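What follows is one structure encoded as C-alpha cells, with my remarks underneath.
The values are calculated or read from the model by the stated rules, or taken from the named source; none is laboratory data. Quick caveat: nothing in here was measured; it's all calculated off a predicted structure. Here the Cβ positions follow ideal geometry from the backbone for every residue, glycine too, while neighbour counts run over all protein chains shown.
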Amino acid sequence: MKVTDEHRAHMRERIREYVDAQKGTGNPTREAEWIAAGMSGRRYRWDIVRAAGLIPYICNTLYRYANDTHIDTALRVIVRELELGEGK
C-alpha cells in the first residue's frame, strides 16, 4: 500500500471521530446504507472523507506521493478496520 501507516492512522482516527459523532443523529454512516441508496462503495468512502474534513489533508499531504487509487485502497482498509462495511 502506498499510503503510509502514519497517514492511514490519521485518516482512520478522523473518520472514527466523525462516525462516533454521528451516532444517534440518524445520519447514515455505514457502507451498506449508501449501497442500498444506489451509490457505490467508492462514493461512500469519499463521502465519508469529505464529511470527516479530510479533503485538505489529502490535498496537502497525500497527493504529494499518492493518487486517488492509492488513497482509495487505504480507505477500503479503514472501512474494514472500523467495521463500517466490506470496503468494496
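The C-beta contact set for region 41-56 (first residue closer than 10 Å to Ile15 by Cα, second residue of a type in the set (Ser, Thr, Tyr) and in a loop (DSSP other than H, G, I, E, B), distance under 9 angstrom, 6+ apart or interchain) comprises Ile48/Thr29; Ala51/Thr29. Criterion applied to Asp68, Asp72, Asp5, Asp20 was being charged (D, E, K, R), in contact with a helix residue (DSSP H, G or I) (Cβ under 7 Å, 6 or more places away or on another chain) and without any contact (Cβ under 8 Å) to a residue 40 or more places away in the chain, and the one residue passing it is Asp72. Confirm whether Ala9 is crowded, with 18+ Cβ neighbours inside 10 Å and either under 10 Å from the mean Cα position of the chain (by Cα) or not aromatic (Phe, Trp, Tyr) (or both). The answer is no for Ala9. The residues in region 32-56 that are under 22 Å from Lys2 (Cβ atoms), surrounded by 15 or more Cβ atoms within 10 Å (Cβ to Cβ) and not basic (Lys, Arg) can be counted, and the count is 7. The number of residues in region 32-67 that are hydrophobic (A, V, I, L, M, F, W, C), outside any helix (DSSP H, G or I) and closer than 21 Å to Leu84 by Cα comes to 4. Across region 57-88, the number of residues qualifying as crowded, with 16+ Cβ neighbours inside 10 Å and farther than 16 Å from Lys2 by Cβ comes to 5. Of the residues contained in region 10-23, one or more are found to be assigned to a loop (DSSP other than H, G, I, E, B) and modelled with pLDDT under 90.
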